[in-house]
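Have a look at the structure below, then the notes.
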Amino acid sequence: MTDRSHARETQPVLQATGVTKRFGGLVAVGDLDLTIMPNQIASVIGPNGAGKTTFFNCISGFYTPEEGEMRFLGHPIQGLRPDQVTARGIARTYQNIHLFKGMTVLENVMVGVHPSLRSTPLGALLRLPLNNIEEDATLTHAYELLDFMGLADVSDVLATNLPYGSQRRLEIARALASDPHLLLLDEPAAGMNPQETEETMHFIRRLRDERDLTVLLIEHDMNVVMNISDQVTVLDYGRKISEGTPEYVQRDPLVIEAYLGTAADEVDVNLLAT
Amino acid sequence: MLQTRTRQFVASAREGTLSGFTVGLIIIFLILLGVPVNLTSIALPLFLLVALIFGVRLARRLREHGIGHLLGNALALGLAAALLVFLFMALINRWQERNIKVNDYFYSVSPQTMTVLSGVPASELFANPARDPLTGAYPEGKPLRTNPMRLTFDSETGLELVDINLVIGGFYGFLIVLILAGLLGVLLVWGFSVARLGDTWKRTRAYLATSPQAHSGLLLLPPVFFALLWLTVGHGTYRAATGTYSTINPIINLGGSAQEVQLLIGFAIILFGLVAVRAARPTDVGLSYRARLALCLGIIAVMIGLGLWRIIGSRTYFLATSKALGGSETISIVLTLAVGALLAVQNIVGLRTPGRFETQLAGTGAILAVLLMPLYLNQGQNDVMTIVGINVMLGLGLNIVVGYAGLLDLGYVAFFALGAYSYAFLSSNQMALGADGKPTGLKFAGNDEMVIKLAGWVPTTMIVTLVVAYLGIRIWRRRPPAVRRPWERQRPLVAYSGRPGGSMTALITVTAILLSALVASLFEGTGLYDRLFSKASPFLVGIIIGTIMSLLSGIALGIPVLRLRGDYLAIVTLGFGEIIRLLFTNLRDYTGGPQGVLEIPRPLPAGATGGVGYLSMVYLVLIGVGVIAFFSLRLKGSRTGRAWSAMKSDEAIAQSVGIHLVQSKLTAFAIGAAFAGIGGVLFAARQRNIYPNDFRLDVSIEVLSLVIIGGMGSVPGVIMGAIALIGVPEVLRQLETYRIMVFGALLVAMVILRPEGLLPAPVVQLRERARSLAQSHYRREGGEV
């Protein structure tokens, strides 16, 4: 724990420089620079098709960017497989919830613990000491996480049978199970009513404060973004058009143009915050 | 009023007629498949069943129209069905009269079929009666050709009824029976609705599901079925004093069908054993420890007693007499008593835990019933059990690949073949013949150099590897603890001084391999192995080598198909299965080619002298199934099992959660293949001669079917599937021809009606355990609960 916090104070958690991802001729993410400092909540916003999720996929190893460099706690992560990225301490959730069908809520979280475990199939067959200790620890860890997320009562329910909001929380619990440094949340408030959104915001702050996490999120709900972010990055057509505090971004004419397509002086800037 | 009634009646009769035509078409289809000839005794009941089912369906649809309409409908149904079948048969008959060889077109419509359907002896059918040698005229009073339906087509007079044949199977009999079946179906539904039997049935089911008495009855079903089996078997009594051997007739004499019925009871024992263990609930039924113990020990005492009686009275021994181990009877008695004692100790300890009573009771009963069952079955029946057991092993192996990891493997039979051939090469005494018919000089090792060498090499390399690994880890742990860089790897959940890193592991592995080979060859050079292992059992060596060979080939197949999913994976693995079979067929000089490998010995203990082989085979298979099932269950609840399950659900997401796909897939292929290899070794030992054709694609398909029908990812489901698809057809030997058809029909039906399988895997319930663990964790950490 100590060495981890030490490493954090001295350098950014994530530093992307000149990241470019093309699909054929289409530049999905172009020359993107992004720096996230420890214990921040950073947001990436932008109109549909701006390349936000593509950027997430580049970080989490689904795509390999053609150009640029991404460093996680000072070490390059581009070109790593998704499981290697996760093992280094980056966990993520998805825009469309992807839970493991046919597994219970508890099992879903237990899968998330996978990279922190070392036991082998042989250990499981023979019930070697390491396997038994790890199994108990996994179960405990997973249950405590579910307790933290308020899902402990539905531990034994099939994950796909949960209501929508709980599925979102379960996905976050699964991401937290690998004990990440950086959590990528892809539209955590999508499809939620105002009260649930309020709870989600509160919850993301709690994650940052209690779990000692750095959070990077994509969100369309400007209310969420402007309220909880320490730093906002705005993408349009794969390029960064603005970056800074929520207040700064809100007043940036380029951002307003990207969202509303009109000249800055004609628009009520507060529109973005509502 | 009358008009509407008539119209109603016509409308409902139309429904009946349509249903009747459907029934007729189905029966014609069954006739074309050859059902009447191949299933002589079952054919008619099968046809009636079809009519009955449609009658019930019809009646359910038309229930509110009243009984009169229903009866009219049933009449229409029977008439229409019989008429259709009759017309078809008459048509066939007409063709035959015109010398059109229908057999060429409808393979199964032979004179024999007609005989069965019409109830007319074959000699009367299609036989041209002898003409009068003087006048050249046909004999008077007899039709030119006897029509199976007792109807003659005459070009002059048209249709003419010759006589009325009321034999069941003749047209009129057929007609009447079909109508009766329709009526019966109708009356059944009507009766049910009038008497409100449906509600009673629901209430009965609810009672059975909730009542504790009914529930404990379910738990005791395996011993009950075992008792039933015991009642149907004749017993021998051997009087050592006089040296006489006499037999007592069974209490329930099954006569000619004993063979089949006893097998079915055997399957029921296994089936209800699975059901009982699953049905066990965490309760002690309010009994004290002593009462619980008395009940469980009582069952053990009675059943072990029955086993001993069989062993001593009927002289049924499950091991051959061996110089090393002693006489068959002594070994059998000692082993049986040992099993009883083990179970007793297990119960004495296990019952102390509150809430384990039902599990203990069901488990003890089921295990004993299954273990003692082979003693009460004869050789043929045990043979069927062996086949079922081998298929269960294959199923459990494929269940790992398909059921757990979701990788569709259609070439699974390859690993089975590799296991079988590994054992065959090691043990067969046959000289392979070359293309010119002369021995090629290729001699399968046959319990000599190769077996002795391997019998030495395997344990030596294992021991040396273990020692090297242990020392390597010890040395690695002594070095100063590395500074764990946070970005390098996740902190392990459990802090431990664990396995060495990558380069160190490689170093230890290489050292282990080189050193073990060196040590083994040194030992071999001194002639130590020749002295120690000259009597080594080829079976023991074979099962180890077979497992290792198929495990390695599993990895070898896994590597090229790592990137493939779904259909592509299925096609490539299918190709792999065929390649292995073709290699065994065509590498004549090494494998014996299509003539196969012959004279494979049965697995016998070292220095065996006596002759009881078949029971040891069953017990070997039982042990194999037990071990593999146990391993499957353990793997399922492990880290690896969860990784497989996640991978099955969504590969990409599983990878991003941190699962190493390559590792997970290869592990699944390797373990699945190893299980098949064990099955293969036992298969070769049972068959004693194996041919490449034993390992065709059909085997893969059959095993896949039994996994799907039983329930993917469910261990009891696979056992159930093997009984349903391999065991039951063995009982109904006549159904052999329809096996593939029945497979297909069952698969379609299962996918529609019960996609999760016969005995699907239950949803894992871990919450209580997790909560208690978490609570004790809090307490240890000094926090609040």
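The values are calculated or read from the model by the stated rules, or taken from the named source; none is laboratory data. Owing to the predicted nature of the structure, the values given are computational and were not obtained by experimental measurement. All Cβ positions, glycine included, derive from the backbone under ideal geometry; neighbour counts span all protein chains shown.
Considering each of B:Ala646, B:Ala652 in turn, give the residue that is within 10 Å of another protein chain (Cβ to nearest Cβ) and surrounded by 24 or more Cβ atoms within 10 Å (Cβ to Cβ).
Details: B:Ala652 fails: surrounded by 24 or more Cβ atoms within 10 Å (Cβ to Cβ).
Testing whether each residue is within 10 Å of another protein chain (Cβ to nearest Cβ) and surrounded by 24 or more Cβ atoms within 10 Å (Cβ to Cβ) leaves just B:Ala646.
Scan region B:270-310 residue by residue and report those that are aromatic (Phe, Trp, Tyr) and in contact with a strand residue (DSSP E or B) (Cβ under 9 Å, 6 or more places away or on another chain). Even if it seems obvious, please write down each step before you answer.
Restricting attention to region B:270-310, the residues satisfying the condition of being aromatic (Phe, Trp, Tyr) are B:272, B:289, B:309.
Within region B:270-310, B:Trp309 is the sole residue that qualifies.
How about region A:177-211: which of its residues are without any contact (Cβ under 8 Å) to a residue 60 or more places away in the chain and hydroxyl-bearing (Ser, Thr, Tyr)? Reasoning before the result, please.
Quick first cut of region A:177-211, residues without any contact (Cβ under 8 Å) to a residue 60 or more places away in the chain only: A:189, A:191-203, A:206-207, A:209-211.
Listed by number, the residues that qualify are A:Thr197, A:Thr200.
Taking region B:516-539 as the search range and keeping residues that are within 15 Å of B:Glu449 (Cβ to Cβ) and polar (S, T, N, Q), which one is surrounded by the fewest Cβ atoms within 10 Å (Cβ to Cβ)?
My answer is B:Ser521.
Being at negative phi and free of Cβ contacts under 8 Å to residues at least 40 places away in the same chain, is that true of even one residue in region B:664-675? Explain how you work it out, then say what you get.
So the first thing to find is which residues in region B:664-675 are at negative phi, and the list is B:664-675.
Pick out the ones that are also free of Cβ contacts under 8 Å to residues at least 40 places away in the same chain and you get B:667.
Within region B:664-675, one or more residues are at negative phi and free of Cβ contacts under 8 Å to residues at least 40 places away in the same chain.
If you go through region A:214-243, how many residues are surrounded by fewer than 22 Cβ atoms within 10 Å (Cβ to Cβ), under 12 Å from A:Gln40 (Cα atoms) and of a type in the set (A, V, I, L, M, F, W, C)?
Within region A:214-243, residues that are surrounded by fewer than 22 Cβ atoms within 10 Å (Cβ to Cβ), under 12 Å from A:Gln40 (Cα atoms) and of a type in the set (A, V, I, L, M, F, W, C) number 1.
So A:Thr86 fits all but one of (1) among the polar types (S, T, N, Q); (2) more than 7 Å from chain B (Cβ to nearest Cβ); (3) in contact with a Gly (Cβ under 7 Å, 6 or more places away or on another chain); what number is the exception?
In the conditions (1) among the polar types (S, T, N, Q); (2) more than 7 Å from chain B (Cβ to nearest Cβ); (3) in contact with a Gly (Cβ under 7 Å, 6 or more places away or on another chain), A:Thr86 misses (2) alone.
Determine whether region A:49-59 contains at least one residue that is under 16 Å from B:Ala654 (Cα atoms) and facing chain B (nearest Cβ under 10 Å). Before you say what the answer is, go through the steps one by one.
At the first step, the residues of region A:49-59 found to be under 16 Å from B:Ala654 (Cα atoms) are A:57.
Now narrow it down to the ones that are facing chain B (nearest Cβ under 10 Å): A:57.
Yes, there is a match, as at least one residue in region A:49-59 is under 16 Å from B:Ala654 (Cα atoms) and facing chain B (nearest Cβ under 10 Å).
Does A:Pro129 count as outside the structural domain of A:Leu73 (by TED's automatic domain parsing), surrounded by 24 or more Cβ atoms within 10 Å (Cβ to Cβ) and at pLDDT below 90? Break it down stepwise before answering.
Numbers: outside the structural domain of A:Leu73 (by TED's automatic domain parsing): yes; surrounded by 24 or more Cβ atoms within 10 Å (Cβ to Cβ): no; at pLDDT below 90: yes.
The answer is no for A:Pro129.
Residues B:Gly256, B:Gly234, B:Gly286: which one is on the phi > 0 side of the Ramachandran plot and either modelled with pLDDT under 85 or surrounded by fewer than 20 Cβ atoms within 10 Å (Cβ to Cβ) (or both)?
Criteria check complete, one pass: B:Gly286.
Checking B:Gly757 against (1) at pLDDT 80 or above; (2) at positive phi; (3) away from every other protein chain (no Cβ under 14 Å): exactly one of these is not met. Which one?
Exception for B:Gly757: condition (3).
Please go through region B:627-643 and pick out each residue that is part of a helix (DSSP H, G or I), within 7 Å of chain A (Cβ to nearest Cβ) and buried (at least 20 other Cβ atoms within 10 Å of the Cβ). Give the derivation first.
Of region B:627-643, the ones part of a helix (DSSP H, G or I) are B:627-636, B:639-643.
Of the ones still in play, those that are also within 7 Å of chain A (Cβ to nearest Cβ) are B:631, B:634-635, B:639-640, B:642-643.
Once the filter is applied, which keeps residues that are part of a helix (DSSP H, G or I), within 7 Å of chain A (Cβ to nearest Cβ) and buried (at least 20 other Cβ atoms within 10 Å of the Cβ), region B:627-643 yields B:Phe631, B:Leu635, B:Arg639, B:Thr640, B:Arg642, B:Ala643.
Anything in region A:166-193 that is in a loop (DSSP other than H, G, I, E, B) and at negative phi? List them, or say none. So that I can check it myself, show each step before the final result.
Taking region A:166-193 as the starting set, the residues that turn out to be in a loop (DSSP other than H, G, I, E, B) are A:178-181, A:187-193.
Once the filter is applied, which keeps residues that are in a loop (DSSP other than H, G, I, E, B) and at negative phi, region A:166-193 yields A:Ser178, A:Pro180, A:His181, A:Pro188, A:Ala189, A:Ala190, A:Met192, A:Asn193.
Which residues, taken from region A:117-128, are hydrophobic (A, V, I, L, M, F, W, C), within 7 Å of chain B (Cβ to nearest Cβ) and part of a helix (DSSP H, G or I)?
Looking only at region A:117-128, we keep the residues that are hydrophobic (A, V, I, L, M, F, W, C), and these are A:117, A:122, A:124-126, A:128.
Still in the running and within 7 Å of chain B (Cβ to nearest Cβ): A:117, A:124-125.
Scanning region A:117-128 gives A:Ala124, A:Leu125.
Do you know which residues across region A:129-165 are over 20 Å from A:Glu210 (Cα atoms), more than 10 Å from chain B (Cβ to nearest Cβ) and outside any helix (DSSP H, G or I)?
A:Leu162, A:Pro163
Pairs, please: C-beta under 7 Å, at least 6 apart or cross-chain, first residue outside any loop (DSSP other than H, G, I, E, B) and in region A:49-61, second hydroxyl-bearing (Ser, Thr, Tyr)?
A:Thr54/A:Tyr63; A:Asn57/A:Tyr63
Just to verify a result, which residue in region B:655-675, among those that are small (Gly, Ala, Ser) and facing chain A (nearest Cβ under 7 Å), is nearest to B:Ile390 (Cα to Cα)?
Within region B:655-675, the subset small (Gly, Ala, Ser) is B:656, B:658, B:664, B:668, B:670, B:672-674.
Among the residues that remain, those that are also facing chain A (nearest Cβ under 7 Å) are: B:656, B:658.
Details: B:Ser656: 38, B:Gly658: 36 Å.
Among those that are small (Gly, Ala, Ser) and facing chain A (nearest Cβ under 7 Å), it is B:Gly658.
I'm checking my understanding of the structure. Among residues of region A:166-203 that are in contact with a strand residue (DSSP E or B) (Cβ under 6 Å, 6 or more places away or on another chain) and of a type in the set (A, V, I, L, M), which one is nearest to the other protein chains (Cβ to nearest Cβ)?
If we take residues in region A:166-203 being in contact with a strand residue (DSSP E or B) (Cβ under 6 Å, 6 or more places away or on another chain) and of a type in the set (A, V, I, L, M), then A:Ala175 is nearest to the other protein chains (Cβ to nearest Cβ).
Only residues that are part of a helix (DSSP H, G or I), without any contact (Cβ under 8 Å) to a residue 24 or more places away in the chain and either in contact with a strand residue (DSSP E or B) (Cβ under 8 Å, 6 or more places away or on another chain) or within 17 Å of B:Thr283 (Cα to Cα) (or both): list them for region B:346-372, please. Before the answer, list the steps.
Within region B:346-372, the first condition is being part of a helix (DSSP H, G or I), and the residues that meet it are B:346-350, B:357-372.
Those left that are additionally without any contact (Cβ under 8 Å) to a residue 24 or more places away in the chain: B:346, B:349-350.
Answer for region B:346-372, where residues must be part of a helix (DSSP H, G or I), without any contact (Cβ under 8 Å) to a residue 24 or more places away in the chain and either in contact with a strand residue (DSSP E or B) (Cβ under 8 Å, 6 or more places away or on another chain) or within 17 Å of B:Thr283 (Cα to Cα) (or both): B:Val349, B:Gly350.
Assigned by TED's automatic domain parsing to the domain that holds B:Leu564 and at pLDDT 95 or above: does that describe B:Val657?
no
Might you check whether a residue that is acidic (Asp, Glu), outside the structural domain of B:Val388 (by TED's automatic domain parsing) and within 30 Å of B:Ser211 (Cβ to Cβ) occurs anywhere in region B:325-342?
If we filter region B:325-342 for residues that are acidic (Asp, Glu), which is where we start, we get B:329.
From what's left, outside the structural domain of B:Val388 (by TED's automatic domain parsing): B:329.
Add one more test, that the residue is within 30 Å of B:Ser211 (Cβ to Cβ), and what stays is none.
No, there is no match, as no residue in region B:325-342 is acidic (Asp, Glu), outside the structural domain of B:Val388 (by TED's automatic domain parsing) and within 30 Å of B:Ser211 (Cβ to Cβ).
For the structure I just gave you, tell me whether A:Gly18 is at pLDDT 90 or above, of a type in the set (Gly, Ala, Ser) and either surrounded by fewer than 16 Cβ atoms within 10 Å (Cβ to Cβ) or not assigned by TED's automatic domain parsing to the domain that holds A:Tyr248 (or both). Spell out how you get there, then give the answer.
Values: at pLDDT 90 or above: yes; of a type in the set (Gly, Ala, Ser): yes; either surrounded by fewer than 16 Cβ atoms within 10 Å (Cβ to Cβ) or not assigned by TED's automatic domain parsing to the domain that holds A:Tyr248 (or both): yes.
When the stated conditions are applied, A:Gly18 passes them.
Residue under question is B:Pro755, and the condition is that it be of a type outside the set (Gly, Ala, Ser) and under 30 Å from A:His141 (Cα atoms); does it hold?
no
Being in a helix (DSSP H, G or I) and more than 41 Å from the chain's Cα centre (by Cα) is the filter here; which residues of region B:521-536 pass it? Let's see the steps before the verdict.
Step one: of region B:521-536, the residues in a helix (DSSP H, G or I) are B:521-525, B:528-532.
Of everything in region B:521-536, those that are in a helix (DSSP H, G or I) and more than 41 Å from the chain's Cα centre (by Cα) turn out to be B:Ser521, B:Leu522, B:Phe523, B:Glu524, B:Gly525, B:Leu528, B:Asp530, B:Arg531.
For region A:90-116, which residues satisfy the criterion of being under 17 Å from the mean Cα position of the chain (by Cα) and more than 7 Å from chain B (Cβ to nearest Cβ)?
Filtering region A:90-116 down to residues under 17 Å from the mean Cα position of the chain (by Cα) leaves A:90-99, A:109, A:112-113.
Those that are under 17 Å from the mean Cα position of the chain (by Cα) and more than 7 Å from chain B (Cβ to nearest Cβ): A:Ile90, A:Ala91, A:Thr93, A:Tyr94, A:Gln95, A:Asn96, A:Ile97, A:Leu99, A:Val109.
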